[in-house]
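Structure record follows, encoded as structure tokens.
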Amino acid sequence: MPSSWDDAYSWDRPPAWDIGRPQPVFVRLAERGLLAGRLLDSGCGTGENTLLAAAHGADAVGVDLSGRAIERARAKAAERGLAARFETGDVLRLGDLGVAFDTVIDSGVFHVFDDENRVRYVASLGSVLRPGGRCYLMCFSDRQPGDFGPRRVSQDELRAAFGDGWDIASIEAAAFEINRPAFDIASAQAWLAVIERLG
Ligand code: SAH
């Protein structure tokens, strides 16, 4: 069944978040060797961050609800000769994958969920991240003015969402790059949270 997210990937121009290269925040993590092991890019879109991780040696899998985004991601992997895998799937039901991961990336996905699905999402992440594994999550920050784009998230909300069973190692201010024609700014204020799954 086509996802409503497919609409975002069927325009003549890419959606605001689809910048055609990995987010600089994740490039820096990759350069520090942190995007490693069995890695899941949760809600990967057209896969730039998944492909970044694969290029740095991770055994990378990207999952997204949008079949169109996954098709595009697979085409990029083939064009670039990278071994990343891409699957259409629901990140609210990651347990269905039947795989445990060492590392999870979330670039702009946590902030799409309402309160109810936020709880389901965190449980879903917890069901596939091994104890001691880390989740690197970037979301729009409550310091970003305006009401365009996704929901803003506060540090307190991140801490509340990842309460039981998780340890928030750090939350740092970050820049979420976006396509200027879409929102008329080059980047939005974001948080990068580093969150460890407890055993
Ligand atoms: N991480 C990508 C895309 C961010 S936009 C990037 O940085 O470019 C949010 C993405 O989440 C979209 O691609 C959308 O299709 C996906 N998404 C939203 N809800 C989802 C769900 N329940 N399961 C899987 N993917 C979902």
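Here, each number is a calculation from the coordinates, and none is a lab measurement. From a predicted model like this one, the values you see are computed outputs, not experimental measurements. As a convention, Cβ positions derive from the backbone with ideal geometry for all residues, glycine included, and neighbour counts pool all protein chains shown.
Things to note:
- Considering only residues in the range 145-170 that are part of a strand (DSSP E or B) and buried (at least 18 other Cβ atoms within 10 Å of the Cβ), the one that is farthest from the chain's Cα centre (by Cα) turns out to be 166.
- Filter result (of a type outside the set (A, V, I, L, M, F, W, C), within 13 Å of the ligand (Cβ to nearest atom) and either over 21 Å from residue 3 (Cα atoms) or under 13 Å from the mean Cα position of the chain (by Cα) (or both)) within the range 111-130: 111, 121
- Here residue 108 meets each of (1) within 14 Å of the ligand (Cβ to nearest atom); (2) at negative phi with one exception, condition (2).
- Lone qualifier among 125, 137 - being surrounded by 13 or more Cβ atoms within 10 Å (Cβ to Cβ), touching a residue at least 24 places away in the same chain (Cβ under 8 Å) and part of a helix (DSSP H, G or I): 125
- Residue 18 vs. criteria within 14 Å of the ligand (Cβ to nearest atom), part of a loop (DSSP other than H, G, I, E, B), acidic (Asp, Glu) and closer than 29 Å to residue 119 by Cβ: yes
- Qualifying positions in the range 40-66 - more than 7 Å from the ligand (Cβ to nearest atom) and either among the aromatic types (Phe, Trp, Tyr) or assigned to a helix (DSSP H, G or I) (or both): 50, 51, 52, 53, 54, 55
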